[in-house]
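*Asks:* Please see the structure below; I have some questions.
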Amino acid sequence: MKFFRMRLILALVLGITLVSVASTYLEVLAHEHALRQELQRRTAWQSKSMQATMEKSLAAGQVAGTAAEVVQLRAQNEALGLAVYDLQGNLVTAAGPAEIYAALPRGPLNKAIQQGANSSGFGHQDDQQWLEVATPLHVDGRMAGALVILEDANSIRAEGVVAWWQSFWHTAALILLIVCVTLLMVRWFLMRPMMRVVDRLRRLRTGETDGLADESMADLSLFTPLAREVKLMTDSLVKARSAAENEAKLRDAGEHRWTAERLAANIRDHFGASRIFVLSNREPYMHVLKGKETVCTVPPSGLVTAIEPVLRACDGVWVAHGSGSEDKHNVDEFDRLRVPPDDPRYTLRRVWLSKEEEAGYYDGFANEGLWPLCHTAHTRPIFRASDWEWYQRVNQKFAAALLKEMEGSAKPIVFVQDYHFALAPQLIKAARPDARVAIFWHIPWPNAEAFGICPWQAKLLEGLLGADLIGFHIPLHCNNFLSTVDRVLDARTDREHMTARRDGHITAVRPYPISVAFDGSKPERKTPPPTHDELLKEFGLRCETLIVGVDRMDYTKGIVERLMAVEKLFEEHPFYLERVTMAQIAAPSRSRIPSYIELNRKVKETVERINQRYQTASWKPILLIERQCSHAEVDHWYRASAVCLVTSLHDGMNLVAKEFIAAHDDDDGVLVLSKFTGAATELLDALIINPYDIEGMATAIYQALEMAPDERRKRMRRMRQYVMDHNIYRWAASILDDLRELRIKNSDTTDPTQAEPASAAPAEEPDTERELKTP
Ligand code: ADQ
């Protein structure tokens, strides 16, 4: 450090001195030049003023008179010397130092006589410097000689010396100032942040990681890229260390809980060279404008949480719709980008959709047709032939993009997501029979009669049966699916082994209840989570107990029914007035679709009506927050709420129920859960309700509010343990393990790049043979 400082000081002294000397030299030169010009101009002017007098004196022809004139003029003008020469250059008379006249260069004099014009030049002898100005003299219009004036030029040199001294002191002061400021800056802006980085790295090395990830790196902002790298490295090392500790604890306790790390290790160990490809409508990273800046956001989605560790572990490819406003500006020429942006581990391939494609495939067929078809929520599905056309085309488009990405990958694993891509499994399998294809259907599958409403049900089933494995949340949906296959297609289903066989191809149908990323590790919190008072302060409200509902604004979620149940609670138990508030956090969803616009209106109208009926100046029965919140915000609302209401009219699983449980690390809180959710089959300690029964719901909310603390804790602990043991990592691992366990003749024996389409295999011969582990 000392050596660095010495070198820095030396470099500063040398640098500043060099610059100062060079600039002073040029400055003095310029100043002297200006002074010389000024002296020349002044002397020439004096000479001109004496010229007439001297010419008159010469014309008189009396040397004595001329000499007297010279003496007088020299005295008047305070000149160093004054002399008159004849035409031959001989001195006629002079006043001033004789030794100078003896040494005077003849150049200016000769030039003046020969050219008949003023001439000048500087000269010096010993310490004396002078300016010599020779002016021609005429008598009767003819050249008669020259007048030479000598001016003292010593002052010019003296001024130069003064300038050098000034520069010296100036430079010295500057060096002192700059060295001090630089040393201070080095200390404040370089050494201090560096010492912090060193301290962080030391703490990482020695395992003192408490609160390390939360510490701000703001004072490293001068070195933004370095700060970012250090922050990322710290975060990932802290995570890795805590994951390793967690794993060790689990091993020690003989537990086999799934974690992101265990999932990643499982994928790496078992999938070998096989690459994993995911197809979903929603992308895991989205580029959007925030103010004037482009930011990369992660949509809050359980799916992203589940699939990310898988793709990260095996450097897979995720094909999805590029729906962010800035997405197109953030891909390469093949519409790909490496993600996560800060720590690239896998490839995101974006597929672009036109407005018509989005309207027909997404809004139309998927969300106005299949969504209400699969949810028994009494909203009539709308099937338009044009939407079906778009749905087919878009499925082909995504399948083509996926197949392109799969080129050159041996025995690829394909994991298709949701009801947006029912046709993709068949399209993919036909082109790449060596691929293992699974699809997970995130919404319910209704009974065969209900599904029969869809005019293209056979095509949808054929598309799905292209997959080797179809996953639903619960066994009921699997059974409904197999019944639909039985009823619609010429296929053989096997309820014992849960398979459907068609054209020699067997598809396994299994339940995989989806879950949340909860592995029991303590949430990283810089400060204690906000209380309900702190959360309500922003809205100018107060209450004693908070109830929460978190949903996409969707008619399947039973939001209006829930609001009516809360109203009923206040009607029947006015004690809760001004004591209990229900916060409904509703993320806008599918807002171009008429049934969603209508729901939005109805929810607002109901909230206003109930609030007008009961609200006071600082309390409201219902607080409606209509926006998409960050995961952390949602987590704060869960944590601050004593009761969570999940009242879906029909729901595949419902992740909100599990998120509420995961958030309550205080082991407190009551979940009121609709019996029409997949979650109700797992979370047996919730208060199970029928959302169509408003009174029953109100009673359950009352029970939740009145439940004894011990009872609440007992139930919550049991549910937390269940969700921890059945988390999202277990979900992903089960599906991928089952898919791996399938023994597909094509993929096990054929060179994948040479693989024949499935349809080319003889129909009678069993070309697939499977054994599935029990999930
Ligand atoms: P969804 O119908 O979207 O999912 P759900 O499972 O409840 O329903 O998941 C909603 C997610 O969105 C949750 O993670 C929740 O935190 C988040 N969310 C809701 N409102 C939000 C808000 N205002 N701000 C921020 N985040 C919000 C479909 C099926 C479900 C199935 C899932 C997963 O309909 O049945 O459970 O897929 O398979």
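*Asks:* Take the residues of the range 643-672 that are outside any helix (DSSP H, G or I), more than 20 Å from Ala565 (Cα to Cα) and open to solvent by less than 10 Å² (accessible area, probe 1.4 Å): which is farthest from the ligand (Cβ to nearest atom)?
*Replies:* So the first thing to find is which residues in the range 643-672 are outside any helix (DSSP H, G or I), and the list is 643-654, 664-672.
Narrowing the set further to residues that are more than 20 Å from Ala565 (Cα to Cα) leaves 652-653, 664-668.
Checking the rest, the ones that are also open to solvent by less than 10 Å² (accessible area, probe 1.4 Å) come to 652-653, 664.
Numbers: Gly652: 3, Met653: 3, His664: 14 Å.
Within the range 643-672, the match that is farthest from the ligand (Cβ to nearest atom) is His664.
*Asks:* Can you spot a residue in the range 33-46 that is more than 20 Å from Phe122 (Cα to Cα) and among the polar types (S, T, N, Q)?
*Replies:* Checked against the condition, which is being more than 20 Å from Phe122 (Cα to Cα) and among the polar types (S, T, N, Q), the range 33-46 yields no hits at all.
*Asks:* Restricting attention to the range 571-592, does a residue exist that is away from the ligand (no atom under 16 Å from the Cβ) and under 31 Å from the mean Cα position of the chain (by Cα)?
*Replies:* Scanning the range 571-592, I find at least one residue that is away from the ligand (no atom under 16 Å from the Cβ) and under 31 Å from the mean Cα position of the chain (by Cα), so the answer is yes.
*Asks:* Please state which one of Arg712, Arg730 is open to solvent by 60 Å² or more (accessible area, probe 1.4 Å), modelled with pLDDT of 50 or more and not in a loop (DSSP other than H, G, I, E, B).
*Replies:* It is Arg730.
*Asks:* Those residues that are in contact with an Asp or Glu (Cβ under 7 Å, 6 or more places away or on another chain) and assigned to a helix (DSSP H, G or I), I need them from the range 150-168; list them, please.
*Replies:* Selection gives Ile156, Gly160, Ala163.
*Asks:* Looking at the range 688-698, which of its residues are outside any helix (DSSP H, G or I) and open to solvent by less than 20 Å² (accessible area, probe 1.4 Å)?
*Replies:* Result: Ile689, Pro691.
*Asks:* Sticking with this one: Which one of Leu58, Leu147, Leu82 is part of a helix (DSSP H, G or I) and over 30 Å from Val19 (Cα atoms)?
*Replies:* Numbers: Leu147 fails: part of a helix (DSSP H, G or I); Leu82 fails: part of a helix (DSSP H, G or I).
Within the list Leu58, Leu147, Leu82, the selection yields Leu58.
*Asks:* Okay, next question. Out of Leu226, Leu232, Leu190, Leu237, which single residue is open to solvent by 40 Å² or more (accessible area, probe 1.4 Å), touching an Asp or Glu at 6+ places or on another chain (Cβ under 6 Å) and at pLDDT 70 or above?
*Replies:* From the options Leu226, Leu232, Leu190, Leu237, the qualifying one is Leu232.
*Asks:* Which one of Leu489, Leu541, Leu535 is within 15 Å of the ligand (Cβ to nearest atom) and open to solvent by 10 Å² or more (accessible area, probe 1.4 Å)?
*Replies:* Going through Leu489, Leu541, Leu535 in turn, just one is within 15 Å of the ligand (Cβ to nearest atom) and open to solvent by 10 Å² or more (accessible area, probe 1.4 Å): Leu535.
*Asks:* Next question, about the same structure. So Ser325 clears everything in (1) of a type outside the set (D, E, K, R); (2) touching a His at 6+ places or on another chain (Cβ under 8 Å); (3) closer than 21 Å to Ala632 by Cβ; (4) exposed (fewer than 13 other Cβ atoms within 10 Å of the Cβ) except one condition, right? Which one?
*Replies:* Here Ser325 meets the rest and fails (3).
*Asks:* Among the listed residues Arg627, Arg609, Arg601, Arg613, identify the single one that is within 15 Å of the ligand (Cβ to nearest atom) and open to solvent by 80 Å² or more (accessible area, probe 1.4 Å).
*Replies:* That would be Arg627, the only listed residue that is within 15 Å of the ligand (Cβ to nearest atom) and open to solvent by 80 Å² or more (accessible area, probe 1.4 Å).
*Asks:* Does Ile276 satisfy the condition of being within 15 Å of the ligand (Cβ to nearest atom), under 13 Å from Leu736 (Cα atoms) and either modelled with pLDDT of 95 or more or open to solvent by less than 50 Å² (accessible area, probe 1.4 Å) (or both)?
*Replies:* So Ile276 does not fit the description; no.
*Asks:* Could I ask something else about it? Quick one: how many residues across the range 544-591 are open to solvent by less than 40 Å² (accessible area, probe 1.4 Å), assigned to a helix (DSSP H, G or I) and hydrophobic (A, V, I, L, M, F, W, C)?
*Replies:* 7
*Asks:* Restricting the search to the range 13-32, which residues are among the hydrophobic types (A, V, I, L, M, F, W, C) and either surrounded by 16 or more Cβ atoms within 10 Å (Cβ to Cβ) or over 16 Å from Ala173 (Cβ atoms) (or both)? So that I can check it myself, show each step before the final result.
*Replies:* Step one: of the range 13-32, the residues among the hydrophobic types (A, V, I, L, M, F, W, C) are 13-14, 16, 18-19, 21-22, 26, 28-30.
Selection gives Val13, Leu14, Ile16, Leu18, Ala22, Leu26, Val28, Leu29, Ala30.
*Asks:* Let me ask something else about it. If Leu348 satisfies every condition in (1) assigned to a strand (DSSP E or B); (2) without any contact (Cβ under 8 Å) to a residue 60 or more places away in the chain but one, which is the exception?
*Replies:* All conditions pass for Leu348, except number (2).
*Asks:* Only one of Leu469, Leu402, Leu427 is under 34 Å from the mean Cα position of the chain (by Cα) and of a type outside the set (Lys, Arg). Can you tell me which?
*Replies:* Values: Leu469 fails: under 34 Å from the mean Cα position of the chain (by Cα); Leu427 fails: under 34 Å from the mean Cα position of the chain (by Cα).
Just a single option satisfies the conditions, and that option is Leu402.
*Asks:* Using the structure shown, decide if Val28 is over 60 Å from the mean Cα position of the chain (by Cα), closer than 30 Å to Ala134 by Cα and among the β-branched types (Val, Ile, Thr).
*Replies:* So Val28 does not fit the description; no.
*Asks:* Read through the list (1) within 16 Å of the ligand (Cβ to nearest atom); (2) more than 44 Å from the chain's Cα centre (by Cα), then give the number of the only condition that Ala517 fails.
*Replies:* Tallying (1) within 16 Å of the ligand (Cβ to nearest atom); (2) more than 44 Å from the chain's Cα centre (by Cα), Ala517 fails exactly one: (2).
*Asks:* When you check Leu14 against the structure, is it at pLDDT 85 or above and more than 18 Å from Gln166 (Cα to Cα), yes or no?
*Replies:* yes
*Asks:* Mind listing whichever residues of the range 673-717 are more than 16 Å from the ligand (Cβ to nearest atom), of a type in the set (D, E, K, R) and in contact with a helix residue (DSSP H, G or I) (Cβ under 8 Å, 6 or more places away or on another chain)?
*Replies:* Within the range 673-717, Asp685, Glu695 qualify.
*Asks:* Starting from the range 97-120, keep only residues that are at pLDDT below 85, then list their pairs with residues that are in a helix (DSSP H, G or I) whose Cβ atoms are within a distance under 9 Å, requiring at least 6 positions of separation or different chains.
*Replies:* Once the first residue is at pLDDT below 85 and sits in the range 97-120, no partner that is in a helix (DSSP H, G or I) comes close enough.
*Asks:* From Leu91, Leu87, Leu150, Leu137, which residue is open to solvent by 60 Å² or more (accessible area, probe 1.4 Å), of a type in the set (A, V, I, L, M) and touching a Gly at 6+ places or on another chain (Cβ under 6 Å)?
*Replies:* Leu87 is the lone residue from the list that is open to solvent by 60 Å² or more (accessible area, probe 1.4 Å), of a type in the set (A, V, I, L, M) and touching a Gly at 6+ places or on another chain (Cβ under 6 Å).
Condition check ((1) open to solvent by 50 Å² or more (accessible area, probe 1.4 Å); (2) away from the ligand (no atom under 16 Å from the Cβ); (3) part of a loop (DSSP other than H, G, I, E, B); (4) in contact with a Leu (Cβ under 7 Å, 6 or more places away or on another chain)) across all residues:
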{"site": "Ala399", "(1), (2), (3), (4)": "no, yes, no, yes"}
{"site": "His420", "(1), (2), (3), (4)": "no, no, no, no"}
{"site": "Ala430", "(1), (2), (3), (4)": "yes, yes, no, no"}
{"site": "Ile443", "(1), (2), (3), (4)": "no, no, yes, no"}
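*Asks:* Quick one: in the range 289-322, which of the residues that are β-branched (Val, Ile, Thr) and within 16 Å of the ligand (Cβ to nearest atom) is surrounded by the fewest Cβ atoms within 10 Å (Cβ to Cβ)?
*Replies:* Thr297
The values are calculated or read from the model by the stated rules, or taken from the named source; none is laboratory data. Fair warning: this is a prediction, and the values are worked out from it, not measured in the lab. Cβ coordinates were reconstructed from backbone atoms using ideal geometry, including for glycine residues, and neighbour counts include every protein chain displayed. Surface accessibility is based on the protein's heavy atoms, side chains included, excluding ligands, DNA and RNA. Shrake-Rupley method; radii C 1.70, N 1.55, O 1.52, S 1.80 Å.
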